[in-house]
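This report refers to the structure that appears directly beneath it.
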Amino acid sequence: MSTPYAKLPAWADYGLIPVINLFVAFVVAGLVVLLVGENPLRAAAVLVEGAFGRGQGIAFTLFYATTFIFSGLSVAVAAHCGLFNIGGEGQGYIAGLGIGIVCLAFDSVLPWWLTFPLAIVAAAAMGALWALIPAYLQAKRGSHIVITTIMFNFIAASVMVYALVGVLKPAGSMAPQTRTFLDGAQLPKLNWVIELFGAKIRSAPFNVSFLLALAMAFLVWVLIWRTRFGYEMRTYGHSPKAARYAGISETRIIIMAMMISGALAGMMALNPTMGDQHNVALDFVSGAGFVGIAVALMGRLHPVGIVLAAILFGMLYQGGAELAFEMPAISRDMIVIIQGLVILFAGALEHMFRPYVQALFASLSPRTVGMEAVKGKGA
Amino acid sequence: MDLFNAIVQVLDSTIRLSVPLLLACLAGLYSERAGVFDIGLEGKMLVGAFAGAAAASVFHSAYLGLGMAILISVAFALIHGFASITHRGNQIVSGVAINFIAAGSTIMLGQAWFQQGGRTPALGSGERFGAVIWPGADALRGVPILGPIYSELISGHSVLVYLAFVAVPFTWWVLFRTRFGLRLRAVGENPAAVDTAGISVAWLRYRALICTGVLTGIAGAYLSMVQNGGFVKDMTAGKGYIALAALIFAKWKPVNAMFACLLFGFLDALSIRLQGTPLPLIGKVPVQFMQALPYVLTVILLAGFIGKAIPPRAGGVPYVKER
């Protein structure tokens, strides 16, 4: 996304401004806490303590972060191509169908390390497929990707309800979910890694899909900054006109980018299904696809930033649960507010404080920002 | 006669179900015609519903509730304006943010203020909008065919229902017969031309968003104070997005919007009515299929298979004044 603003030193651009935006988002969230009659500073302390205080909390934080890394990467890949994929929720949800089928078919025959790759492929394929139709319609028929992906979220929800209430549910059961997966489709835990550092963990669902998430973050970095296709994607994202002029196929780039984005969104379904609940249940994604938007915006669309932002949101989810326990006036929905505020301040209002930061830099050391800063001030 | 009564009942619930869609759809019409995409309709309806029900139960007045619903909804519309007009942020990102803030804050404040798990207290009779009985509705009830149509279908709705249907010709008149409407449409097609004529693009777009806020506020109040006697968490349940779909379906025209919303309301009413009953010829239709139908129809329409939906040209693009 191009900016009409003057340049800042890189550390200010990628470090200072996101921190300011985040800080303002938390100050506003603090006001909400004040509004319900609690002390925001104590709330923050409880939240951080709950997320990082004990090994148990750290494991849960990383468990939540795993899902958010996938959904954040999904949003980022599409965004580099100038597309806003708001359909991660639906793509992840429908991927549960692929995972369910693979796990139910193979969990009694294969060990987990063979089921897992199959499930990855199935999840990615279903997610990519669910992104393919909106991508095709955007590329070929010019329908707006945001609207079609929203519609596909709802269609996915209907399909999954139909599948879980009717087809995938074991006979005689009332709950709208598949049967519990056997050992062959349960991912091993990674809790021992945290225990190496001396922490005690009773039980936490932190599992090997975290490693997959980190691998994907690396692959996304390679894809976007080290391959020809990534270069074409970024070109198209910056200026579709320039890309067309350079002979880059618009259809190919949109469809490929969206399918990769959909595949990443699909993979986020692995963590809650195979890693935690060991079944595919109704509404198991529970908003993680939308968290990806906040994560990607906060991470400035860079894999490293996304991993950090995902851990921050994992912390909010884990700490938020503790917070709701400690302060009954604050429910877990506080996280949803914070999520909204982060999207508002780090996304829609990302340039609000920029002119002030630039003015500050210009007055402190004019050389770092150059002459343009003076003109950029009025922006 | 049984079939006839069933049809009247389905049509009656069609009207009830399409009113919130219609109000939200017209709300979206104002902002999108002015070149501001608004996927925050959902969130603004939700805060409207919460503020309306909360104020009505505290002040024991339906009209104060409605006023509060409009006020808070407009405030959220102005946040959207501040981000996307003043600071030229991404309009879609800002809309998503508003939906999240609305979803979280309504539950949290509801829980903190009323301690009923995110609900507001059930509204009494003076705190809700009651049904308006048209003259002679009871006397004519016995007349075959026309009686039920008059007394069930036309009479007996709340003020807000009639307001929603009056808003359709009114919106048409504002957009296509007033100077404000002409400018509003112009700012959505070619803001540079409006700017050249010496009219403030930002102020025009802000006014369009205020109209949006008023209408989403009424839509929210309808949900919590007419359809339901109080606020329940996430009570909009995607209606804001269906309204957005209806808006595209209607190709950004007020009268079409009414028909699109009635169609989506009808599908909803039908799916409730047909739950579990087999249809002749087709057999039993899964409820989920009927629920997904509005979305599928919108996707097909967007793909250009049922005529082409062309959005306002400057939609989604923040206006940068030349320097």
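A few points about this structure:
- Taking 0.36 nm per residue of separation and subtracting the Cα-Cα distance, full extension of the segment from A:Lys200 to A:Tyr231 would add 6.6 nm.
- For B:Phe231, residues with placed amide H under 5 Å, excluding near neighbours: B:Thr120
- Förster radius 35 Å - calculated FRET efficiency between A:Ser363 and A:Asn39, Cβ distance, rounded to 0.05: 0.45
- When region A:221-294 is described by a simple charge dipole with +1 on each Lys and Arg Cβ and -1 on each Asp and Glu Cβ, the residue from A:Met274, A:Gly230, A:Tyr245 located farthest towards its positive end is A:Tyr245.
- Mean-square fluctuations from a GNM of chain B, with a 10 angstrom spring cutoff on Cα atoms, peak among B:Val74, B:Val232, B:Val143 at B:Val143.
- Distance in nm between pseudo-label sites at A:Leu211 and B:Lys321 (7 Å out along the Cβ direction from Cα): 5.8 nm
- Taking the charge dipole of region A:69-299 about its Cα centre, with +1 at Lys and Arg Cβ atoms and -1 at Asp and Glu Cβ atoms, the residue from A:Gly292, A:Ala257, A:Gly88 reaching farthest to the positive side is A:Ala257.
- Net charge over other residues, Cβ less than 13 angstrom from the Cβ of B:Leu29 (K, R count +1; D, E count -1): +2
- Computed over neighbours whose Cβ is under 14 Å from that of A:Ala296, the net charge equals -1, Lys and Arg +1, Asp and Glu -1.
- Charge dipole of the protein assembly as shown (Cα centre as origin; +1 on each Lys and Arg Cβ, -1 on each Asp and Glu Cβ, all else neutral): 1780 debye, rounded to the nearest 20.
- If you model the protein assembly as shown as an ellipsoid using its alpha carbon gyration tensor, with each semi-axis the square root of five times an eigenvalue, the axes come out at 39, 33, 27 Å, biggest first.
- Residues whose amide H lies under 5 Å from that of B:Val317, counting only those 5 or more places away or on a different chain, are absent; hydrogens are built 1.01 Å from N in the peptide plane.
- Label sites at B:Ala193 and B:Val58, each approximated as a point 7 angstrom past Cα along Cα to Cβ, lie 4.7 nm apart.
- Calculated diffusion of region A:172-255, Stokes-Einstein form, Kirkwood radius summed over Cα pairs, 4 °C and 1.567 mPa s, µm²/s: 75 µm²/s
- Chain B, dipole about Cα centre (Lys/Arg Cβ +1, Asp/Glu Cβ -1), debye to the nearest 20: 800 debye
- Residue order, fewest to most beta carbons within 10 Å, for B:Ser158, B:Ser13, A:Ser261, B:Ser105: B:Ser13, B:Ser158, B:Ser105, A:Ser261
- Debye-formula intensities of region A:69-299, expressed as log10 I(q)/I(0) at q = 0.13, 0.15, 0.16 Å⁻¹, are -0.76, -0.96, -1.06 (one equal scatterer per alpha-carbon, no solvent).
- 10 Å-binned pair-distance histogram of region B:1-137 (Cα, whole percent): 12, 31, 31, 19, 6, 1, 0
- Counted charge near A:Glu89, where neighbours are those whose Cβ lies closer than 15 Å (Asp, Glu -1; Lys, Arg +1): -3
- Förster radius 35 Å - calculated FRET efficiency between B:Asp234 and A:His238, Cβ distance, rounded to 0.05: 0.40
- Orientation-averaged projection of region A:1-146 equals 14.2 nm² [convex hull of Cα atoms, one quarter of hull surface area].
- Checking the cross-link pairs A:Lys140/B:Lys251; B:Lys233/B:Lys253; B:Lys44/B:Lys233; A:Lys140/A:Lys241 against a 23 Å limit on the alpha carbon distance flags B:Lys233/B:Lys253 as lying beyond it.
- Of A:Ile86, A:Ile17, A:Ile99, the one that fluctuates the most in a GNM where chain A has Cα springs shorter than 10 Å: A:Ile17
- Of the chymotrypsin sites (Phe, Trp or Tyr not before Pro) found in region A:162-203, those that fall in a DSSP loop while having at most 10 other beta-carbon atoms within 10 Å are A:Phe197.
- Each residue, B:Tyr162 and B:Ala139, gets one label point 7 Å from its Cα in the Cβ direction; the gap between the two is 1.8 nm.
- Chain B: DSSP helices with Cα axial extent of at least 30 Å and average Kyte-Doolittle hydropathy no lower than -0.5: B:2-33, B:91-114, B:201-222
- Residue of B:Cys25, B:Cys211, B:Cys261 that the Gaussian network model of chain B assigns the largest fluctuation, springs spanning Cα pairs under 10 Å: B:Cys211
- Only helices reaching 30 angstrom along their own axis (Cα) with mean Kyte-Doolittle hydropathy no lower than -1.0 count here, and for the DSSP H runs of chain A these are A:55-80, A:112-136, A:303-326.
- Amide H within-cut-off set for A:Asn207, under 5 Å, with H built and near neighbours excluded: A:Leu190
- About its Cα centre, region A:69-299 has a charge dipole of approximately 520 debye under the convention of +1 per Lys or Arg Cβ and -1 per Asp or Glu Cβ, with nothing else charged.
Every number in this text was worked out from the coordinates using simple rules, so none of it is lab data. In this text the structure is predicted, and so the values were computed from the model without any measurement. As a convention, Cβ positions derive from the backbone with ideal geometry for all residues, glycine included, and neighbour counts pool all protein chains shown.
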